[in-house]
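Here is the structure we will look at.
The values are calculated or read from the model by the stated rules, or taken from the named source; none is laboratory data. This structure is a prediction, so every number in the text was calculated from the model and none was measured. Please note: Cβ atoms are built from the backbone with ideal geometry, for glycine as well, and neighbour counts cover all protein chains shown. Protein only, heavy atoms only, side chains kept; ligands, DNA and RNA dropped before computing areas. Shrake-Rupley method; radii C 1.70, N 1.55, O 1.52, S 1.80 Å.
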Amino acid sequence: MLSAFEKQLIQKALVENAGNKTNTAKQLGISLRSLYYKLEKYRLAKISMQ
């Protein structure tokens, strides 16, 4: 359940930052490396490239 919330939070932040991963990580308060890990974990990596 928490992972679903985290996934939605990341998706929303990516949209708000127009796919910019650096700004998304800053907004979420996590490192860029952590964001990339989570993108892979939730299979959002390909979606974020569009």
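Among the lysines of the chain, pairs at least eight places apart or on separate chains and with Cα atoms under 13 Å apart come to 6. Sparse packing (at most 12 other Cβ atoms within 10 Å of the Cβ) combined with a DSSP loop state is found for the following trypsin sites (Lys or Arg not before Pro) in the chain: Arg43. Please compute the net charge surrounding Lys7, taking Lys and Arg as +1 and Asp and Glu as -1 over other residues with Cβ under 13 Å from its Cβ. For residues surrounding Lys7, the net value is +2. A 1.4 Å probe run over the protein chains yields, for region 9-50, 74 Å² of accessible area per residue, whole-number rounding.
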